[in-house]
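The values are calculated or read from the model by the stated rules, or taken from the named source; none is laboratory data. Note that this is a predicted model, so its numbers are computed, not measured. Here Cβ is always computed from backbone atoms with ideal geometry, including for glycine, and neighbour counts include all displayed protein chains. The protein model used for the area step is the full one, side chains on, heavy atoms only, and it has no ligands, DNA or RNA in it. Shrake-Rupley method; radii C 1.70, N 1.55, O 1.52, S 1.80 Å.
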Amino acid sequence: MKLLVINGPNLGLLGQREPDVYGSETLADIEQSLQETASELGVELDTFQSNEEGALVTAIGDASGVYDGIIINPAAYTHTSVALRDAIKATGLPCVEVHLSNTHAREEFRHTSLTAPVCTGQIMGFGGKGYVLALKGIVEKLRSDAS
Ligand code: DQA
């Protein structure tokens, strides 16, 4: 089983970016925890980060036939991108949306997710640990769907 973790704009700055909101872990720290969990679960995991909407759309589109599922934090594009929503829907792959912060407890413009309705599930408010929860959840679901 092979999973792809996609991170959107400004998430490469984790650790130095608003640590009171997003915590002190860097993206590299989070990706290392994910790789450790992936090897415990016996699955393969690739990671991708971009600040560019088109690159994210392409990564999602190219995932079909290569990966079994996607974990994505679309960051600010969550609230604006019809293109990302359409790309997720078009892959047909199960997808878990992750947010480090609880976006519902923040500014009103963060309360709407254009991407969540086309995802299998959503995890938010647990900081970097949310990615690990998403990985465990999607692997368990894929395994139970296959049995
Ligand atoms: C975020 C929440 C978004 O509103 C914000 O634009 C981000 C990060 C989160 O992980 O909490 O960049 O996706």
Matching option when the condition is within 14 Å of the ligand (Cβ to nearest atom), more than 11 Å from the chain's Cα centre (by Cα) and either closer than 26 Å to Gly15 by Cβ or outside any helix (DSSP H, G or I) (or both), among Ser101, Ser33: Ser101
Residues being surrounded by fewer than 16 Cβ atoms within 10 Å (Cβ to Cβ) and under 18 Å from Leu142 (Cα atoms) - total across segment 104-132: 1
Evaluation of Ala28 against (1) open to solvent by 30 Å² or more (accessible area, probe 1.4 Å); (2) out of contact with any Pro (no Cβ under 7 Å at 6 or more places or on another chain); (3) within 14 Å of the ligand (Cβ to nearest atom) (one fails), failing number: (3)
Per-region count, segment 62-83, residues part of a helix (DSSP H, G or I), of a type outside the set (Gly, Ala, Ser) and farther than 14 Å from Ala116 by Cβ: 1
Exclusive hit being open to solvent by 10 Å² or more (accessible area, probe 1.4 Å) and assigned to a helix (DSSP H, G or I), set Asp46, Asp86: Asp86
Tabulated pairs, segment 92-103, first free of Cβ contacts under 8 Å to residues at least 40 places away in the same chain, second near the ligand (Cβ under 7 Å from one of its atoms) and polar (S, T, N, Q), C-beta under 8 angstrom, 6+ apart or interchain: Glu97/Asn73; Glu97/Thr78; Val98/Asn73; His99/Asn73; His99/Thr78; Thr103/Thr78
Which numbered condition Arg17 misses (of (1) in contact (Cβ under 8 Å) with a residue 24 or more places away in the chain; (2) over 15 Å from Ile138 (Cβ atoms)): (1)
Checking Leu14 against (1) more than 30 Å from Ala146 (Cβ to Cβ); (2) surrounded by fewer than 21 Cβ atoms within 10 Å (Cβ to Cβ), the condition it does not meet: (2)
Tally, over segment 89-147, of residues that are hydrophobic (A, V, I, L, M, F, W, C) and either more than 18 Å from Ser33 (Cβ to Cβ) or touching a Cys at 6+ places or on another chain (Cβ under 9 Å) (or both): 13
